[in-house]
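Note sheet for the following structure.
The values are calculated or read from the model by the stated rules, or taken from the named source; none is laboratory data. Predicted model, so just to flag it, every value in this text is computed and none were measured. Note that each Cβ is placed from the backbone with ideal geometry, even for glycine, and that neighbours are counted across all protein chains shown. We work out accessible area using only protein heavy atoms, side chains counted, and drop any ligands, DNA or RNA first. Shrake-Rupley method; radii C 1.70, N 1.55, O 1.52, S 1.80 Å.
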Number of protein chains: 2
Amino acid sequence: MTIDNAPGAPLDAAALDQLFLTARTHNKWRDIPVSDDLLRQVAELSKWGPTSANASPARFVFVRSPEAKAKLGPLLSEGNRAKSLAAPATVIVAYDTEFPDKLPKLFPHVDARPWFAGNPALIEETGVRNSSLQGAYFILAARALGLDTGAMSGFDKAGVDAAFFPEGKVKSNFLINIGYGDPAGLFERLPRLDFDEYARID
Amino acid sequence: MTIDNAPGAPLDAAALDQLFLTARTHNKWRDIPVSDDLLRQVAELSKWGPTSANASPARFVFVRSPEAKAKLGPLLSEGNRAKSLAAPATVIVAYDTEFPDKLPKLFPHVDARPWFAGNPALIEETGVRNSSLQGAYFILAARALGLDTGAMSGFDKAGVDAAFFPEGKVKSNFLINIGYGDPAGLFERLPRLDFDEYARID
């Protein structure tokens with residue numbers, strides 16, 4: 001993206017709009033098919049975002065089929081249920097508590113497994129933080145590929161874990177509806193904090 | 001980005017490269033100035049990413065001045081110290097444990113403060129998850145504006161909190177170096193998991 005002696009250039013205004021400035025959290029979905037292949041492309045794009053020691057602890061379940069939706073539905077908070085069941089897919093963003101087992105593949109130059117062995121608090125902290133990062137990369141990868149999203153944290157986590165990860169090794173973090181959003185279902189855009197309310201330059 | 005009856009279009013290949021596919025975590029920085037205004041633009045772009053109830057709990061400190069770097073340096077793990085002190089800025093991504101106080105501005109249609117009142121565990125969970133999302137948005141906003149980043153979790157959190165948030169209300173989450181990366185400092189790119197190792201379609 002850059003020539004050797006010039007700093008990087010920004011994306012054009014339309015791309016910044018699509019990623020951040022006019023992108024919205026959607027609640028209603030257009031009747032346009034979203035293929036399994038496109039969902040896979042979103043995940044495969046997002047996986048290149050950085051994680052701690054490249055550990056990539058996030059695990060993703062695309063809830064697509066009537067059977068999977070029937071399992072998920074009762075576990076959603078009431079305000080999230082109808083819009084999720086109507087979405088082309090709901091993605092469970094979770095993390096694998098056994099992610100250190102993949103470090104020999106992901107971080108091959110050092111044996112990083114001892115950093116985590118016998119330290120469930122560090123495994124949880126790393127899993128939660130980095131699967132959250134990976135969920136955010138997923139949201140922006142979806143937008144980059146022309147899709148819309150709606151992220152949610154209102155659901156029965158223990159119930160989702162039991163229903164979708166019965167071996168007890170993977171823990172849900174949050175959910176993301178994905179599809180082509182219908183602007184008719186948008187609420188008014190909510191404000192954000194002013195720079196001085198959330199940041200300072202020391 | 002879309003016309004009324006067509007699904008959204010993907011960004012072009014160069015943009016996908018800049019955001020995800022060829023973007024790298026950097027360890028060495030080119031001697032190109034990064035203005036305070038550009039850092040502010042990154043934050044102001046990233047703030048439009050979604051958070052739970054729009055609560056936007058992340059707080060960002062740009063560690064820029066020699067004095068601020070002198071405070072941060074001893075609190076970094078040894079492997080993170082030299083590259084961070086050489087970066088144009090290191091961003092402390094933190095979260096405000098009093099973020100519910102901003103909900104009347106951010107989520108004005110409902111009084112959401114009672115959802116969090118007296119529930120420090122929910123405040124912490126929401127703060128950690130959403131400030132992680134916001135840190136990921138920041139990384140991708142930086143790339144979208146042509147900058148490079150290097151995220152890190154190896155530092156003395158209690159020490160950073162005491163040095164930069166002495167009132168005890170803001171908690172550090174992770175750090176991001178930012179600037180124009182020098183490819184000469186890159187390691188070989190690390191692999192990622194295959195789709196079937198981290199995802200499934202139910």
* To do: Please identify, among B:Pro108, B:Pro33, B:Pro191, the residue showing maximal mean-square fluctuation in a Gaussian network model of chain B using a 10 angstrom Cα cutoff.
  => B:Pro191
* To do: Could you check which residue among A:Ala13, A:Ala112, A:Ala162 shows the biggest mean-square fluctuation in a GNM of chain A with a 10 Å Cα cutoff?
  => A:Ala13
* Roughly how many debye, to the nearest 20, is the charge dipole of the stretch A:1-81 about its Cα centre, given +1 on each Lys and Arg Cβ, -1 on each Asp and Glu Cβ, and no other charges? -> 460
* Taking a threshold of 22 Å on the Cα-Cα distance, which of the pairs A:Lys47/A:Lys102; A:Lys71/A:Lys171; A:Lys105/A:Lys169; A:Lys28/B:Lys105; B:Lys69/B:Lys157 fall above it? -> A:Lys28/B:Lys105
* Just from the alpha-carbon atoms, what are the Rg and Dmax of the protein assembly as shown in angstroms? -> 20.1, 59
* Structure fact -> Here, GluC sites (Glu not before Pro) of the stretch A:117-202 satisfying both criteria (DSSP loop; at most 10 other Cβ within 10 Å) are A:Glu167, A:Glu188
* Asked: Taking the stretch B:1-102, which GluC sites (Glu not before Pro) meet the DSSP loop condition and have no more than 14 other C-beta atoms within 10 Å?
  -> B:Glu98
* Per residue of the stretch A:151-163, in order, report the coupling 6.51 cos²θ - 1.76 cosθ + 1.60 (Karplus, θ = phi - 60°) as ³J(HN,Hα) in whole Hz, putting x for Gly and Pro. => 8, 8, 10, x, 7, 7, 5, 4, x, 5, 4, 5, 7
* Asked: What list of whole percents do you get for P(r) of chain B, with Cα-Cα distances grouped in 5 Å bins up to the one holding the largest distance?
  -> 1, 7, 13, 16, 17, 16, 12, 10, 5, 2, 0, 0
* Asked: For the stretch A:170-198 and the stretch B:158-193, what is the separation of their Cα centres, given in Å?
  -> 25
* Please identify, among B:Phe107, B:Phe174, B:Phe165, the residue showing maximal mean-square fluctuation in a Gaussian network model of chain B using a 10 angstrom Cα cutoff. => B:Phe107
* Roughly speaking, what is the centre-to-centre gap between the stretch A:6-65 and the stretch B:29-81 when only Cα atoms are used, to the nearest Å? -> 23
* Members of the stretch A:117-155 that become less accessible by 40 Å² or more once partner protein chains are added (1.4 angstrom probe, chain alone as reference) -> A:Arg129, A:Ser132, A:Leu133, A:Ala136, A:Tyr137, A:Leu140, A:Ala144, A:Leu145, A:Ser153
